[in-house]
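**Q** Quick one: the structure is below, and I'll ask about it shortly.
No value in this document is a laboratory result; all are computed from the given coordinates. Since the model is a prediction, treat every value here as computed from it, not as a measurement. Glycine also receives a Cβ, built like all others from the backbone with ideal geometry; neighbour counts cover every protein chain displayed.
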Amino acid sequence: MATIIPSDLTRLALSGAHEPEIATLAVLRDRLPAAYTVFHGVHWTRQYNGHTVYGEIDFVVLNRAGQVLCTEQKNGPLEEADGQLIKHYGDSRKNVGEQIQRFLPVDVLGLYIYLP
């Protein structure tokens, strides 16, 4: 069983975390071996062209060998347009590729993760 951070899924649900993400977190916890740690809802910041860029990634999965997998979960349908994946949220839309590209320069292994 993998280590999950934050570890209390019930508390996450009460704090307003999205139910599908909590379900995914439970699957990752139950199906990955103990050599894995899964961080949920990792907030990050970095400097880019003199501005502060910030965001959040849904899951950062680390193993003891130092391998990292970062996952942004999207629920429901995605639209493919001009080679891009688009997620619609009511009146707004997000380009999934751009969202992931913003995260890629972040030094995941150098993240400071606050554990209350």
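**Q** With respect to residue 52, is the statement that it is closer than 17 Å to residue 99 by Cα and exposed (fewer than 12 other Cβ atoms within 10 Å of the Cβ) true? Talk me through it step by step, then tell me what you get.
**A** Working: closer than 17 Å to residue 99 by Cα: yes; exposed (fewer than 12 other Cβ atoms within 10 Å of the Cβ): yes.
Yes; evaluated as a whole, the condition is true for this residue.
**Q** Let me ask something else. Which of the residues that make up the stretch 59-85 are under 21 Å from residue 33 (Cβ atoms) and not polar (S, T, N, Q)?
**A** Answer for the stretch 59-85, where residues must be under 21 Å from residue 33 (Cβ atoms) and not polar (S, T, N, Q): 59, 60, 61, 62, 64, 65, 66, 68, 69, 70.
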